[in-house]
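The values are calculated or read from the model by the stated rules, or taken from the named source; none is laboratory data. Just so it is clear, the structure is predicted and the values come from calculations on it, not from any experiment. Quick reminder, even Gly has a Cβ in these numbers, built from the backbone with ideal geometry, and neighbours come from all protein chains shown.
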Amino acid sequence: MARTDRFATVPSPLAPLLLTGSPEGLTGLYVAGERAAPEPAAAWREDPAGFAPVAEQLDAYFAGRLRAFDVALDLVGTPFQLEVWRALLEVPHGATTTYGALARRVGRPHAPRAVGAANGRNPVSIIVPCHRVVGADGSLTGYGWGLERKRFLLDLEAGARPLPGV
């Protein structure tokens, strides 16, 4: 995990989201309470005001008014993970890619499984859009927040009305 020292929980149509950060930027965006979400450490301070710009952008995204985030990120990972996460940032809003195409984009055409593993370790979901990666046949495949939430995000970006209550 990055040098996290603060956190906030913000509402979303998916579930409450846990935002974590450092002085350099956002270190994590998780569905609060999910297994991959960290528990706020005693040394972290709750800082809703410090995350207000991120929360406002997330609100605009969920309302269909924001297509690209402008958020400082402080990501920690292996060089390969960081390369995959940078490539994810290039997948346009409303588009999808495959693990194979992403592997080719990062110069490792025979490593779609490794790309999938790096994708699965993305600590800043939505902003680093790991939900935009689908199977080679276009089917929805693994997503840490569940396939229902992945479908919600893809439908939202496609301009379709997602199911209420998701």
Would you be able to tell me the number of residues in the range 1-21 that are hydroxyl-bearing (Ser, Thr, Tyr), farther than 19 Å from Leu154 by Cα and surrounded by fewer than 20 Cβ atoms within 10 Å (Cβ to Cβ)? 1
When both residues are 6+ apart or on different chains and their Cβ atoms are under 7 Å apart, which pairs have a first residue that lies in the range 122-148 and is surrounded by fewer than 18 Cβ atoms within 10 Å (Cβ to Cβ), and a second that is small (Gly, Ala, Ser)? Ala136/Gly100; Thr141/Gly135; Gly142/Gly120
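Let's see how each residue does on (1) of a type outside the set (Phe, Trp, Tyr); (2) modelled with pLDDT of 95 or more; (3) crowded, with 18+ Cβ neighbours inside 10 Å:
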{"position": "Ala43", "(1), (2), (3)": "yes, no, no"}
{"position": "Glu46", "(1), (2), (3)": "yes, yes, no"}
{"position": "Leu58", "(1), (2), (3)": "yes, yes, yes"}
{"position": "Gly64", "(1), (2), (3)": "yes, no, no"}
{"position": "Asp70", "(1), (2), (3)": "yes, yes, no"}
{"position": "Leu73", "(1), (2), (3)": "yes, yes, yes"}
{"position": "Glu83", "(1), (2), (3)": "yes, yes, no"}
{"position": "Ala87", "(1), (2), (3)": "yes, yes, yes"}
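So that you can scan it fast, the table gives a plain yes or no per residue for (1) at pLDDT 95 or above; (2) hydroxyl-bearing (Ser, Thr, Tyr); (3) outside any loop (DSSP other than H, G, I, E, B):
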| position | (1), (2), (3) |
| --- | --- |
| Ala103 | yes, no, yes |
| Arg113 | no, no, yes |
| His131 | yes, no, yes |
| Leu140 | no, no, no |
What number of residues in the range 56-91 are out of contact with any Pro (no Cβ under 7 Å at 6 or more places or on another chain), closer than 19 Å to Asn119 by Cα and part of a helix (DSSP H, G or I)? 9
Scan the range 56-77 for residues that are among the β-branched types (Val, Ile, Thr) and free of Cβ contacts under 8 Å to residues at least 40 places away in the same chain and jot them down. none
Single unsatisfied condition, Val91 versus (1) at pLDDT 95 or above; (2) farther than 25 Å from Asp70 by Cα: (2)
Scope the range 89-121; condition within 17 Å of Leu29 (Cβ to Cβ) and either crowded, with 19+ Cβ neighbours inside 10 Å or in the same structural domain as Val31 (by TED's automatic domain parsing) (or both); matching residues: Val91, Ala118, Asn119
Within the range 31-57, how many residues turn out to be of a type outside the set (Gly, Ala, Ser) and farther than 16 Å from Phe69 by Cα? 11
